[in-house]
Every structure is written in C-alpha cells, then in structure tokens.
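Notes follow the structure.
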Amino acid sequence: MSDVALVARQVRFEQKTFWRNPASAFFAFAFPLMFLVIFGTLNRGARIQALGDIPYNAYYVPALITFGVVGACMTNISMTLTIRRDSGVLKRLRGTPLPAWVFMAGVIGSSAVVSAILAVLLTAAGMLFYGVSAPLHPATLLLVLVVGAISFCALGLALSALIPNADAAPAITNAVVLPLLFLSGIFYPLDPSSILSHIADWFPMRHFALAVFAAFDPQGNRSGLPALHLSAMLTWGVVGVAVAVRRFRWEPRRG
C-alpha cells in the first residue's frame, strides 16, 4: 500500500473514532455554533467603530472560525493524545507495523477535516442568519485555514508532550488555550491601538484571527496575502514541532 493510501486510511480511522464519540463531536461543533446564536443574536445590529464601523457579526463569525479551528486542532490533539498515551494505546500502536508518521498524519488530517466542516458551517450560518457577506478572498481564507490547522496541530502535539497524565489534560489544555483566546480578542474585538492588542500580537491565536478576518473584511481594506500573520503562525508551528520532536512520549510517565 502506498504512503498516501496509508495516510488516507488512518485519517478515515480517526474520523470514525471522532464521530463515534458523541460528546467529543457534540462539543466540537456545538460550542462555536452556540456562541454564534447567543452573541450573534444579542449583538445583531451593533457596529464596531474601531474596525471601520463594520457590523459586529462581520467580525464575530471569522473570530468563531478561529475558535473552532483552535479547538479542533490544538485542544483536541492535546487531550486525545495524552489520554491515549496514559491508557497505553500509543504504546501498543508503537508495536504495530503502522509507521509513527502515518499515525500522526492521520490525527492531524482528521483534525483538519473537522476544522474544514466547522468553518463551512459557521460561514453558512453567518451568511444565512446574521447577514455576514461571503469571504471576499476565498483563496486567502483557504490558505489561512491550512496554515492555521497545521500550526495549531503542531502546538497541540507539543502541549500533549508537556502534560504529565490524562487527569491533568483538560485542566492544563484549557488553562493554556482559553486565556490566549480571550487575550487575542476572539470573543470581543480589540482596539488595534490598545496595550492588550500589542500583548496579544505575540501569540498565534491573534494572528490567526486577524488573518481569517482579513479574508472576510466587508470593507476590503485588508486585501492581499496576510504575510505577517502567516509568518507568525508558521513560526509558532515550527516551535511546536521542535518541542514535540524533543519531548513527545509514547508511553505513560512512570512514578
């Protein structure tokens, strides 16, 4: 069997595992859509002066796509791999003929599939129910989503390598991810000139959110490739890969 066929089969297996866990599938999709219904409805008609007097939901839908991709990639991989490692699943996998890189590619590919479905659902819901315009730069949006998914999957791998056991996985993952999401202006718009915005610029969620927003910007003021944001995300992705290569473990920590 070719390498491509092996990866495709592993992605299919990971997808079956994901969809057979109703709680995992429900929360991956329900939270972003629930936030859109609650805050999108509450702020219908509101406008954001700091971003050029655009409708609130023109900012919020791209922000929720960022939230969904980070959840499907970084949060999901961090928790899933830690739980599998602690239960001995990863150790048993190492004893099979399946190459390690094919397993990792399957995990990352499955997260990318979930991210793509979520992005489509949020975009469609925003357009149908909240008056959000279609992305002005769909090719840029696709590129941003691919780079974002790869970078946050790498950060999820790195984070899983630093978590000691399965019991600590939800607490540590949420303690890292949620504050950064709030800091990056995912749930509310940041004034670009604020101190908080300058602090957020050091973290990948902020760059991902701005890159996704650039593809949707109803005023078209952010046309072209968001090279700065893509570079920042890739840099964080490389850091994630470096940490994962150095610290990732296939067996539970002893003692």
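The values are calculated or read from the model by the stated rules, or taken from the named source; none is laboratory data. Quantities reported herein were computed from a predicted structural model and do not represent experimental measurements. No Cβ is skipped: glycine too gets one built from the backbone with ideal geometry, and neighbour counts run over all protein chains shown. Side chains are part of the model used for accessible areas, which takes the heavy atoms of the whole protein and leaves out ligands, DNA and RNA. Shrake-Rupley method; radii C 1.70, N 1.55, O 1.52, S 1.80 Å.
For residue 47, list long-range residues whose amide hydrogen, built 1.01 Å from N in the peptide plane, is under 5 Å from its own amide hydrogen. So residue 47 has HN proximity to 56.
With a ≥ b ≥ c the root eigenvalues of the C-alpha gyration tensor of the stretch 1-63, is it rounded (a/c under 1.5), prolate (a/b larger than b/c) or oblate? The shape class here is oblate. Here the chain is treated with +1 on each Lys and Arg Cβ and -1 on each Asp and Glu Cβ, and its dipole about the Cα centre works out to around 940 debye. Ranked from largest, the principal axis spans of the Cα set of the stretch 1-126 equal 57, 29, 24 Å.
Once the Cα atoms of helix 227-247 and of the chain are each reduced to a long axis, what angle between those two axes, in degrees from 0 to 90 to the nearest 10, is obtained? Long axis of 227-247 versus the principal axis of the chain: about 20 degrees.
Computed from phi, the 3J(HN,Hα) profile of the stretch 82-99 under the Karplus parametrisation 6.51, -1.76, 1.60 (θ = phi - 60°) reads 5, 5, 5, 5, 5, 8, x, 5, 5, 5, 5, 4, 5, x, 9, x, 5, x Hz, with x in place of Gly and Pro.
If you bin all the Cα-Cα distances of the chain at 10 Å, starting from zero, the percentages per bin are 7, 31, 35, 19, 7, 1. Measure nothing fancy, just the Cα-based angle from helix 169-183's long axis to the longest principal axis of the chain, in degrees from 0 to 90, nearest 10. Rounded to the nearest ten degrees, it is 20.
Take each of the peptides 87-94, 210-217, average the number of other beta-carbon atoms within 10 Å over its residues, and list them starting from the highest.
210-217, 87-94
Mean-square fluctuations from a GNM of the chain, with a 10 angstrom spring cutoff on Cα atoms, peak among 238, 120, 11 at 120. Once both labels are positioned 7 Å from their Cα atoms along Cα-to-Cβ, the gap between residue 246 and residue 194 label points is 3.4 nm.
Peptide packing for 136-145, 66-75 was compared via the average number of neighbouring C-beta atoms within 10 Å per residue; ordered from the highest value, the list is 66-75, 136-145. The 1.4 Å probe gives accessible areas that order 173, 235, 123, largest first, as 235, 123, 173.
Note that the stretch 149-198 carries a Kirkwood radius of 12.5 Å, evaluated over its alpha carbons pair by pair. Quick one: among 59, 130, 188, which has the greatest mean-square fluctuation in a GNM of the chain with alpha-carbon springs under 10 angstrom? In the Gaussian network model the winner is 188. Take residue 191: with every protein chain present and a 1.4 Å probe, its accessible area is about 80 Å².
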